[in-house]
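One structure below.
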Amino acid sequence: MDYRKLGHTDIKVSEICLGTMTWGEQNTEAEGHEQMDYAVEMGINFFDTAEMYAVPPRAETQGSTEKIVGTWLKKTGMRDKIILATKVAGRAPMTWLRDDGAGTEHTREQIMEAIDKSLARLQTDYIDLYQLHWPDRPMNIFGGLGYTHYGDEKNRIEDILGVLADIQKAGKVRHFGLSNETPWGIMKFLHYAEVDKSLPRMVSVQNAYNFLNRIYELGSSEIFHREGVGLLAYSPLAQGYLTGKYQNGALPQGSRKQLFDRLQRYETPAADRAIEGYLKIAEKYGVDASQLANQFVTTRDFVTSNIIGATSMEQLKLAVTSIDLQLSEEMLADIEAVHLNAPNICP
């Protein structure tokens, strides 16, 4: 397992990060604990969760994932060995996260409430990386391509950073990151922190990145090289589509698509053809399709950590051991050829 520097900090995180969003919905507490035990055994020191989890978001399961991580931390006494990341929900009509029943947004009151609740569920007194789960401004994300301007509403980025600075001063959070953010958004957060040195500087951005969605390369990757804001890549398997399990209309029993029918982000008209191209590359070289997709993400020079997730130990072991796969120049050329014929078809 390789370890990479988290932004400008002195923290080193494993190249594979353990994602947790199915725990409390598709996975039990015992299964979550088993996954964390295995991850640590394999050298993973980086766990990612969110106040909103489990997914799909609903009142009955909200916070359950953080609670499962928290009981494992208490049981094992390994808090000082783990780089722990969680997230505060962005603007959305989810009325069950806040005590007053309001929809979520990044106000001072809501962020303060959210961090204290996360700390309690995680049974810790500090978070290593606290992330804004998605922007607090109207955005065309989670499947949208291109920017849609919804009006001249004032962004609250500087105000948000002021709240985060207070949380940091209180010792509740070490560092901060973004998620589902645009190049403009990343640079705007960095701008305010540059102008006012009392404001925290973002160290990472957690965006989707996989064979079907390489939009991060178009603008944000330069920010990594010039500003040191690393990518925490999520959905490296395009929510399972790059394994081939949904090809030709297949609907495996117990899969997220079968259970929740919410994966339309990866069902654009050209997706099947592109996925077939990547599956043929895996077949050509005699490698597992999921490991090919995972290792491509892990080995990009702008990726700080690849966030993998699994509902079974078999899936988890395939994901973690993908780091042993060697990608040849021929394999990479074949991948690029498929990409150029179907670029970024599932934003």
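State whether one or more residues within the range 121-138 are in a helix (DSSP H, G or I), surrounded by 18 or more Cβ atoms within 10 Å (Cβ to Cβ) and touching a strand residue (DSSP E or B) at 6+ places or on another chain (Cβ under 8 Å).
Yes, the range 121-138 contains a residue that is in a helix (DSSP H, G or I), surrounded by 18 or more Cβ atoms within 10 Å (Cβ to Cβ) and touching a strand residue (DSSP E or B) at 6+ places or on another chain (Cβ under 8 Å).
Filter the helices (runs of 4 or more DSSP H) completely within the range 141-238 down to those with at least 2 residues that are touching an Asp or Glu at 6+ places or on another chain (Cβ under 7 Å), farther than 25 Å from L340 by Cα and without any contact (Cβ under 8 Å) to a residue 40 or more places away in the chain. Full working, then the answer.
Numbers: elements: 157-169, 183-195, 216-227.
So the answer is 183-195.
Looking at the range 133-161, which of its residues are more than 26 Å from T304 (Cα to Cα) and among the small types (G, A, S)?
G151, the sole residue that qualifies.
In the range 30-89, how many are more than 30 Å from I160 (Cβ to Cβ), part of a helix (DSSP H, G or I) and hydrophobic (A, V, I, L, M, F, W, C)?
Result for the range 30-89: 5.
Quick check: anything in the range 226-236 crowded, with 20+ Cβ neighbours inside 10 Å, modelled with pLDDT of 95 or more and of a type in the set (F, W, Y)?
yes
If P252 satisfies every condition in (1) part of a loop (DSSP other than H, G, I, E, B); (2) in contact (Cβ under 8 Å) with a residue 60 or more places away in the chain but one, which is the exception?
(2)
Search the range 255-268 for residues being part of a loop (DSSP other than H, G, I, E, B) and more than 29 Å from F302 (Cβ to Cβ), and hand back the single one that is modelled with the lowest pLDDT.
Filtering first and then ranking leaves D261.
Is one or more of the residues making up the range 265-288 in contact with a Phe, Trp or Tyr (Cβ under 8 Å, 6 or more places away or on another chain), surrounded by 13 or more Cβ atoms within 10 Å (Cβ to Cβ) and more than 19 Å from P347 (Cα to Cα)?
So far as the range 265-288 goes, no, none of its residues is in contact with a Phe, Trp or Tyr (Cβ under 8 Å, 6 or more places away or on another chain), surrounded by 13 or more Cβ atoms within 10 Å (Cβ to Cβ) and more than 19 Å from P347 (Cα to Cα).
The values are calculated or read from the model by the stated rules, or taken from the named source; none is laboratory data. None of the values given here were measured: they were computed from a predicted structure. Virtual Cβ from ideal backbone geometry, glycine too; neighbours counted across all protein chains shown.
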